[in-house]
Amino acid sequence: MEDDQELERKISGLKTPMAEGERKTALEMVQAAGTDRHCVTFVLHEEDHTLGNSLRYMIMKNPEVEFCGYTTTHPSESKINLRIQTRGALPAVEPFQRGLTELMNVCQHVLDKFEASVKEYKDQKASRNEATF
């Protein structure tokens, strides 16, 4: 029971601001009747294949994850269902959170490298322009 309350607390923090102070849930956790915390479907609103496939890849790198897959509900809806099933005592929410963190780290690394390359390119271009005058 306490673990369920902890999960609800973690998920309730994931809200997106809407018009006039209204808040919409960006993430829902769905558990089928008769299943435990090791097999959970996360519904991510306003997301598509871009996040779904990258997050699935990051989560599947965890050896404690037995299955991770996602589907889009319909081409006209922008939400995905991400299903995670773990082995052993690890609840499905932990690899989900770890996958999100690792994906953010990878994205930040790519952004840093890109910005450094753009700066290097601009510096080289500026030094070539100065050399021609």
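The numbers here are math on the coordinates, done by the rules we state, and not lab data. Worth saying up front: this structure is predicted, and the values here are computed from it rather than measured. Glycine gets a Cβ as well: all are built from the backbone with ideal geometry, and neighbour counts include every protein chain shown.
Taking amide H atoms as placed 1.01 Å from N in the peptide plane, the amide H of residue 27 lies under 5 Å from those of 45, each 5 or more residues away in sequence or on another chain.
For the stretch 62-133, a crude dipole built from +1 on the beta carbon of Lys and Arg and -1 on the beta carbon of Asp and Glu, taken about the Cα centre, is about 160 debye to the nearest 20. The string of couplings for the stretch 64-75 from the Karplus curve (6.51, -1.76, 1.60, θ = phi - 60°) is 7, 8, 7, 8, 8, x, 9, 9, 8, 6, 6, x Hz, one whole number per residue in order, with x for Gly and Pro.
Placing unit charges on the Cβ atoms only, positive for Lys and Arg and negative for Asp and Glu, gives the stretch 41-85 a dipole magnitude near 100 debye about its Cα centre.
Between residue 124 and residue 26, what length in nm is gained on full extension when 0.36 nm per residue of separation is reduced by their alpha carbon distance?
Details: separation 98, 0.36 × 98 = 35.28 nm, distance 4.32 nm.
Contour length minus Cα-Cα distance gives 31.0 nm.
Around the amide H of residue 78, modelled in the peptide plane, lie the amide H atoms of 46, all under 5 Å away and 5 or more residues distant in sequence or on another chain.
For the stretch 43-50, backbone phi angles converted through the Karplus equation (6.51, -1.76, 1.60; θ = phi - 60°) give residue-by-residue couplings of 9, 9, 7, 6, 10, 9, 4, 4 Hz, Gly and Pro being listed as x.
Among residues other than residue 113 with Cβ under 14 Å from its Cβ, the summed charge is -2 (Lys and Arg +1, Asp and Glu -1).
Which peptide among 113-126, 42-55 comes first, and what is the full order, when sorted by highest mean count of other Cβ atoms within 10 Å? It would help to have the intermediate numbers written out before the result.
Details: 113-126: 10.0, 42-55: 15.6.
Taking the mean over residues of other Cβ atoms within 10 Å, the ranking is 42-55, 113-126.
Summarising the label geometry, the points placed 7 Å from Cα in the beta-carbon direction at residue 117 and residue 39 lie 4.3 nm from one another.
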